[in-house]
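First up is the structure itself, then whatever we jot down about it.
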Amino acid sequence: MIKFPKLKILFLLSTFYFLFSGSAFAAEVSFDTKTQEIKVNQLFEVGVFINSEEEDINAIEGRVVFPSNLLEVKEIRDGNSIINFWIERPKAKNGEIIFSGITPGGYNGGQGLILSIVFSAKKEGNGAIEFGGVKALRNDGQGTETDVKISNFQFLISKQIPISEIPMPEIKDNEPPEEFAPQIAADPAIFEGKWFLVFATQDKGSGIDNYEVCEGKRKCVTVESPYLLQNQNLDEEIIVKAVDKSGNERDATIPARFPRPWYKDYAILAILIIATIALVYLIRKILWKRKNTK
């Protein structure tokens, strides 16, 4: 689980966006679902929500803990999340889902969706889906931690329960993620002051699946933000690809900050060398033909 200092880093990263002042009330995180009684092998969706209760929330982290002997995670959805920038994108591992992210400009409202989870009921039993280690920062320009109330979720799985038709919304997504503008930055508190890349976008359909970064002619790599740049000279173009869960892509290009002089561009040099060799060969061939025709 992320420790609180990581949440402070999360706040630090959020300063690359917009920060405004907020007030001082407690926030509440809770679960919401269509049913508490589930039949064995049935799929059901549980939403994770935050009610800011007039609090202006800029960042939140925590984990969702569930009994893995009773439940299996089939899918995690974040397409309509209030979180714009995931520091740690939600993933299921060992009976818990860890998440942390920021909302540039802050969130102030009720029933703000953080994420939703599609579970499958594995066998009969009673259990609970609970929150752990939830922390939130106020959008006050200082990253002040706020009080957070939590509401857990109790459920029953049984073979005797008549299966109910719980609608599972089908996601049809043909649109790419939203346009975004990655930023190159350096900070003594992150990556020892080296150049890194910060990027984030949203996909209101199926949600963001992954990001790829392509530096110059290097092989593209799947990464998360913030990303330590391989090329610290910043003399090559950078392409960041956002890929959603339906396979749609959105590219953002950052021109080289310190472009190489033309004579240091190895591709241009190679072309010039090949062109020179070809020209010399052609001239020699012409001269040889003239000599032999006399």
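The values are calculated or read from the model by the stated rules, or taken from the named source; none is laboratory data. Keep in mind that what you see is a predicted model, and the values were worked out from it rather than measured. Don't worry about glycine lacking a Cβ; one is built from the backbone with ideal geometry, like all the others, and counts go over all protein chains shown.
Of note:
- Exactly one residue among F49, F99, F119 is closer than 30 Å to V223 by Cβ, assigned to a strand (DSSP E or B) and under 16 Å from the mean Cα position of the chain (by Cα), and that residue is F99.
- Condition met for T253 (outside the structural domain of L113 (by TED's automatic domain parsing), modelled with pLDDT of 95 or more, farther than 28 Å from R77 by Cβ and part of a strand (DSSP E or B)): yes
- Meets criteria (at pLDDT 80 or above and either part of a loop (DSSP other than H, G, I, E, B) or closer than 30 Å to R77 by Cβ (or both)) for A278: no
- The condition of being among the aromatic types (F, W, Y), under 22 Å from I50 (Cα atoms) and in contact with a strand residue (DSSP E or B) (Cβ under 8 Å, 6 or more places away or on another chain) holds for only one of F180, F199, F191, F131, that being F131.
- I38 falls short on exactly one of the conditions (1) surrounded by 19 or more Cβ atoms within 10 Å (Cβ to Cβ); (2) more than 27 Å from P226 (Cα to Cα); (3) modelled with pLDDT of 95 or more, and that condition is (3).
- Residue satisfying condition, being in contact with a Gly (Cβ under 7 Å, 6 or more places away or on another chain) and not charged (D, E, K, R), within set G125, G141, G106, G112: G106
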